[in-house]
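Quick notes on the structure that follows.
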2 protein chains.
Amino acid sequence: MEQMHFLKDLFRKYRYIGLYGLSFAILVFLLKWLQWNFLIVDYSLDIYIGLIAVLFTVLGIWIAMQFAKGPKPVAVAQQKEDIAETKPDIDQAELEKLKLTPREYEVLLLMVKGHSNAEIAESLFLSLSTVKTHASNLFVKMDVASRTKAIEKAKRLRLTP
Amino acid sequence: MEQMHFLKDLFRKYRYIGLYGLSFAILVFLLKWLQWNFLIVDYSLDIYIGLIAVLFTVLGIWIAMQFAKGPKPVAVAQQKEDIAETKPDIDQAELEKLKLTPREYEVLLLMVKGHSNAEIAESLFLSLSTVKTHASNLFVKMDVASRTKAIEKAKRLRLTP
DNA sequence: CAGCCATTCATACTAAAGTATGAAACTGCC
DNA sequence: GGCAGTTTCATACTTTAGTATGAATGGCTG
């Protein structure tokens, strides 16, 4: 039981790294395939190189985007500052008054985008139960009675991009 | 004078694209250099490919980060103007596409304000049942599955003030 | 006037949201 | 190590939202 739980935790922690690893592996296969289908037919090496360059540039952008919107355990304060810099539309003062936890804020962001609890659970790799807990605590802190009111208030106080 | 200003604006707008182009050019030179210094010495092609992959992944991440840092002061000002211009009015065309009945639109307006079905019923002097009917028909016409998605779509398409 | 549409409401049902409570594990801090 | 706060999850429950179906009314129109 203990070990099962340990493995579960391990999986959760390194899920993203695993995903990137898998993606990388798939790319390598893709490259090998390209190598056989382009080089053998005696196409220019430059084209092959170019393809790789574009492919990996896209990969890099994708990775950066994943990290940008992904979990940031400690760097939430930094993230908030970044948002404050890039999206002047957010009322940082109002946001801090509410004392939302990073996770609660993430849930709020997806809520505002119109996602259901189930969808939020999938996006954040959480159980439905956990999302409900975050949502409920969120409503208390925001002093609202439902998600629609939370969305309205978030928009009105400019708490979200 | 006019033309100078125009060129200045042009430069400002496409400065980043220029920078990326320049970076890209430098990279291509770098690659050619690598090609001569590795391939000629008969190193494995795979190592060369690997280097390119890593290099362009990093390039991709860098590009993404540059964009993540966001549009600069001028762009932001422009963005604000756009918002100021476009926010107050309603996209009549999009609204008419949906063919909502007047009553359905009233319900939608209150929905966006965060009201529950019960509150809407009170506001419009209707039974809860009727509000539900309007809401349900509304969702079909808007092609959404829930009120939160309807709210998000209404905001996005600027169907409400 | 018959037909269409909008509006209203009811009933009955399913699905989702929201609340309450308890619990386990981790983090950062003194 | 103990403590406060965060995160995660479960279970059980109530409330609200949403769907389906049917039906009555009134306005408008060809």
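The values are calculated or read from the model by the stated rules, or taken from the named source; none is laboratory data. Not measured: the values here are computed from a predicted model. Glycine also receives a Cβ, built like all others from the backbone with ideal geometry; neighbour counts cover every protein chain displayed. Protein only, heavy atoms only, side chains kept; ligands, DNA and RNA dropped before computing areas. Shrake-Rupley method; radii C 1.70, N 1.55, O 1.52, S 1.80 Å.
Observations on the structure shown:
- Pair list, Cβ < 8 Å and 6+ apart or interchain, from the stretch B:107-128 residues that are more than 11 Å from every other protein chain (Cβ to nearest Cβ) to residues that are of a type in the set (A, V, I, L, M, F, W, C) and part of a loop (DSSP other than H, G, I, E, B): B:V107/B:L124; B:L108/B:L100; B:L108/B:L159
- Within the stretch A:89-148, tally of residues that are farther than 25 Å from B:V144 by Cβ, within 11 Å of DNA strand C (Cβ to nearest atom) and aliphatic (A, V, I, L, M): 1
- Count - residues of the stretch B:107-145 that are surrounded by 16 or more Cβ atoms within 10 Å (Cβ to Cβ) and polar (S, T, N, Q): 3
- Applying the set (1) at pLDDT 95 or above; (2) more than 11 Å from chain B (Cβ to nearest Cβ); (3) open to solvent by 60 Å² or more (accessible area, probe 1.4 Å) to A:V74 leaves exactly one unmet item: (1).
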